[in-house]
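This report concerns only the one structure given below.
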Amino acid sequence: MKKLELLGGLPPARFLREYWHKKPLLIRQAFPGLTPPLSRDALFALATGGDAKSQLITHFGQQWHTQSGPFGQLPSPRKKEWALQVHDVNLHDDGADALVRKFRFLPDARLDGLLISYATDAGGIGPHIDSGDIFLLQAQGQQRWRIGAQKDLTLVDGVPLKILQDFQPDREFVLEPGDMLYLPPHYAHEGVALGESMTCSIGFCAPLWQELGEAFLQFMAGSVALPGRYADPDLATGRAPAEISRIMLTRVSTEMNKMQFTADDVAIFLGEHLTTPKPAIFFDLPAAPLTAARFLQGAKKRGVALSRKTRMLYRGKHVFINGESFAAQAADKVSLHGLANMRVLEGEMVANASPDVMEALYNWYLDGWLDIGDAQQAGPARPLAS
């Protein structure tokens with residue numbers, strides 16, 4: 001079984017079997033010699049420029065306060081007890097995207113993104129829980145983490161953050177640069193900076209069933225086909241005009257039960273739902289678009305690479321990209337599945353692709369979803385899962 005250094009030498013299969021969604025794992029020097037994917041100034045620029053969603057959390061004078069970006073100005077790094085969180089940094093920076101791609105022994109369908117937290121001495125966001133799985137990677141400075149598997153998740157009233165009222169930690173760690181702590185969903189934790197600190201949080205979402213159910217019903221609304229109209233030619237008089245009759249209830253129930261959802265319906269919904277770009281995500285269109293002929297000429301030589309903002313998944317013949325879906329021909333699945341898994345398609349594969357695939361690649365180029373280039377491969381989706 002192949003092992004992963006970022007899992008402390010554990011084979012991914014063992015990590016999934018013993019820790020994933022079950023219990024914490026502390027990994028010392030998961031990333032030896034790690035340097036932050038972004039400098040402090042670059043992170044501040046994302047927050048103040050409004051390119052990424054961000055929050056400023058302060059605890060001045062024992063009072064919690066939070067503010068959403070973009071910010072005109074941030075507190076001085078010399079001032080204690082404040083923290084900055086910048087979301088989805090992997091969508092805005094190549095180095096951050098490369099870091100997230102190290103975790104592709106887990107499915108892309110579960111990936112939420114990279115949140116980078118910067119904090120000054122004693123800064124943090126208080127004891128809390130996360131709804132999904134999370135890897136807390138120390139990128140700069142030191143961070144003291146206290147964790148606990150408590151059941152009381154009551155929150156403090158009157159505080160703008162979801163801070164646990166009665167946090168009862170049972171373990172404590174100080175993380176150095178390169179150290180990483182994995183936590184399953186709803187595992188209580190609190191991080192406090194020891195001096196200036198930067199933490200990379202690689203999160204994997206666990207959506208609520210209610211959220212998925214509501215989205216699925218909306219998705220299926222346009223596919224419902226119930227021909228005909230309610231009729232009651234055998235209607236009889238009754239003593240209670242305001243009561244819904246048993247006959248009417250039965251007839252309507254019978255028609256409603258004709259709505260059946262197939263595995264294909266669910267697959268298409270999931271693919272489109274999971275690849276839909278997050279709000280405020282915009283793609284960079286080519287400034288001077290190439291003609292289709294020039295694009296394909298370059299793509300056949302240098303290959304193509306998906307934009308770091310692009311989400312691409314597949315299930316069988318169904319291919320999903322940025323909220324759109326289509327059924328691929330059997331001969332096209334190799335190239336399209338390869339592009340989704342590797343996030344690049346070599347020039348030779350482009351040259352051997354069908355006209356339909358070439359047309360799709362060109363349209364995605366015009367939309368800013370991919371570009372010509374010899375980008376580094378993100379790595380296979382499943383080579384380490386044994």
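The values are calculated or read from the model by the stated rules, or taken from the named source; none is laboratory data. Quick caveat, the model's predicted, so the values are computed rather than measured. As a convention, Cβ positions derive from the backbone with ideal geometry for all residues, glycine included, and neighbour counts pool all protein chains shown. For the accessible areas, the whole protein counts, side chains as well, though only heavy atoms, and no ligand, DNA or RNA atoms are used. Shrake-Rupley method; radii C 1.70, N 1.55, O 1.52, S 1.80 Å.
Points to keep in mind about this one:
- When Arg302, Arg251, Arg294, Arg239 are checked against the criterion of being of a type outside the set (A, V, I, L, M) and in contact with a helix residue (DSSP H, G or I) (Cβ under 9 Å, 6 or more places away or on another chain), a single residue qualifies: Arg302.
- When the range 293-315 is limited to residues that are open to solvent by 40 Å² or more (accessible area, probe 1.4 Å) and either part of a loop (DSSP other than H, G, I, E, B) or among the hydrophobic types (A, V, I, L, M, F, W, C) (or both), the one that is farthest from His273 (Cα to Cα) turns out to be Ala293.
- Segments classed as strands (runs of 3 or more DSSP E), wholly inside the range 115-218, with at least 1 members that are surrounded by 15 or more Cβ atoms within 10 Å (Cβ to Cβ) and either among the polar types (S, T, N, Q) or free of Cβ contacts under 8 Å to residues at least 24 places away in the same chain (or both): 133-148, 188-204
- The range 199-223, residues that are under 21 Å from Tyr182 (Cα atoms) and among the aromatic types (Phe, Trp, Tyr): Phe204
- Of all residues in the range 254-283 being among the aromatic types (Phe, Trp, Tyr) and more than 30 Å from Tyr230 (Cβ to Cβ), the one that is most open to solvent (accessible area, probe 1.4 Å): Phe282
- Enumeration of residues in the range 38-54 that are in a helix (DSSP H, G or I) and without any contact (Cβ under 8 Å) to a residue 24 or more places away in the chain: Asp41, Ala45, Gly49
- Pairs, first in contact (Cβ under 8 Å) with a residue 12 or more places away in the chain and open to solvent by less than 20 Å² (accessible area, probe 1.4 Å) in the range 341-359, second small (Gly, Ala, Ser) and in a helix (DSSP H, G or I), C-beta under 7 Å, six or more apart: Leu345/Ser335; Leu345/Gly338; Gly347/Ala299; Val350/Ala299; Ala353/Ser335; Val357/Ser335
- Residue match in the range 97-111 (condition: farther than 20 Å from Lys22 by Cα and surrounded by fewer than 16 Cβ atoms within 10 Å (Cβ to Cβ)): yes
- Of the residues making up the range 33-81, just one is crowded, with 19+ Cβ neighbours inside 10 Å, touching a helix residue (DSSP H, G or I) at 6+ places or on another chain (Cβ under 8 Å) and of a type in the set (S, T, N, Q), namely Ser54.
Residues checked against (1) at pLDDT 95 or above; (2) of a type in the set (Val, Ile, Thr):
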site	(1), (2)
Lys23	yes, no
Ala30	yes, no
Ala42	yes, no
Thr48	no, yes
Lys53	no, no
Phe60	no, no
Pro70	no, no
Asn90	yes, no
Leu114	yes, no
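- If you go through the range 1-32 and pick out every residue that is polar (S, T, N, Q) and open to solvent by less than 20 Å² (accessible area, probe 1.4 Å), you end up with 0.
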